[in-house]
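*Asks:* Input: one structure, supplied below.
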Amino acid sequence: MKKIIAFAGSNSKNSINKQLVTYASSLLENTTVEILDLNDFELPLFGVDLENEKGIPEKAHQFLGLIRESDGIMLSLAEHNGAYSTVFKNLFDWMSRIESKTFFGKPILLMAASPGGRGGASVLEIAKSRFPYHNANITGVFSLPFFKDNFSEGKIKNQELDAKLKDAVTEFENVLEHASTTQV
């Protein structure tokens, strides 16, 4: 059975991105899903001086290990001022000090939800252009705008957007299946 990790690039206890990634991961079949919370991986603010003095924190090693051990990743990024949230960027920075190819070629379904009409478009563009340099295999990108209008009771209520997400999840599953059949 395939194993994926799913998480939001947010540390909000009421993260709309965590709600989206939880729903998206529930659509997978024949897959074990571990939903991660970045609050469980609290790290000091990255700095070269801190790294030189104290080394790389164990929580960064743990998170990178979860990526390495998974078959794929579902990630819904929060957008803060048009970019990654600080908590995600900090984790990403620490992990890249351990392994620059942070995503190990794993299939990634990249998502974002926002209360506004752009649906996290800016952070998705940043991630789409940046993550391949870190060996990400982005299988699809999904944006959920106007979260409060389009999501309730744990699912997307807008049928067109829900269909787009389901198509992206199906493509992610297809890539996961292909990747597992081509590995020895």
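*Asks:* Which of Thr170, Thr102 comes first, and how do the rest follow, when ranked by fewest Cβ neighbours within 10 Å?
*Replies:* So the residues, fewest neighbours to most, are Thr170, Thr102.
*Asks:* Which trypsin sites (Lys or Arg not before Pro) in segment 75-184 pass both tests, a DSSP loop state and at most 12 other beta-carbon atoms within 10 Å?
*Replies:* Passing sites in segment 75-184 are Lys101, Lys157.
*Asks:* Right, something else. If you filter segment 37-89 for GluC sites (Glu not before Pro), then keep DSSP loop positions with at most 12 other Cβ within 10 Å, what is left? Before the final figure, lay out the partial values.
*Replies:* Working: sites: Glu42, Glu51, Glu53, Glu58, Glu69, Glu79; in loops: Glu42.
Sites meeting the loop and neighbour criteria: Glu42.
*Asks:* Separate question: Once both axes come from the Cα atoms, what is the angle between helix 16-26 and the longest principal axis of the chain, in degrees from 0 to 90, rounded to 10?
*Replies:* Once rounded, the angle reads 70 degrees.
*Asks:* Counting only residues 5 or more places away or on other chains, whose amide H sits under 5 Å from the amide H of His80 once H atoms are built in the peptide plane?
*Replies:* Ser85
*Asks:* Still on this structure, I have one more. Of Asp167, Asp49, how do they rank once you tally other Cβ atoms within 10 Å and put the fewest first?
*Replies:* Ranking Asp167, Asp49 by Cβ neighbours within 10 Å, fewest first, gives Asp49, Asp167.
*Asks:* By DSSP, what percent of the beta bridges with both residues in the chain are antiparallel, rounded to the nearest 5?
*Replies:* Numbers: 4 of 27 bridges.
Of the beta bridges lying entirely in the chain, close to 15 percent run antiparallel.
*Asks:* Relative to the first principal axis of the alpha-carbon coordinates of the chain, what is the inclination of helix 86-98, with its axis defined by its Cα atoms, in degrees from 0 to 90 and to the nearest 10?
*Replies:* Compared with the principal axis, the helix lies near 50 degrees.
*Asks:* Full-extension gain between Asn52 and Ser12, please, as 0.36 nm times their residue separation minus the C-alpha to C-alpha distance.
*Replies:* Using 0.36 nm per residue and subtracting the Cα-Cα distance, I get 11.4 nm.
*Asks:* Can you run the Rg to Rh ratio on segment 2-182? Use alpha carbon positions and the Kirkwood inverse-distance Rh. Don't skip to the answer; put the middle values down first.
*Replies:* Working: Rg = 15.8 Å, Rh = 16.4 Å.
That ratio is 0.96, to two decimals.
*Asks:* Neighbour counts of other C-beta atoms within 10 Å: give me Asp71, Asp93 arranged from fewest to most. Don't skip to the answer; put the middle values down first.
*Replies:* Values: Asp71 19, Asp93 16.
Ascending Cβ contact count within 10 Å gives the list Asp93, Asp71.
Since every read-out is calculated from the coordinates, none of them should be taken as a lab result. Being a predicted model, the structure only gives us computed values, none of them experimental. Cβ: placed from backbone, ideal geometry, glycine included. Neighbour counts: every protein chain shown.
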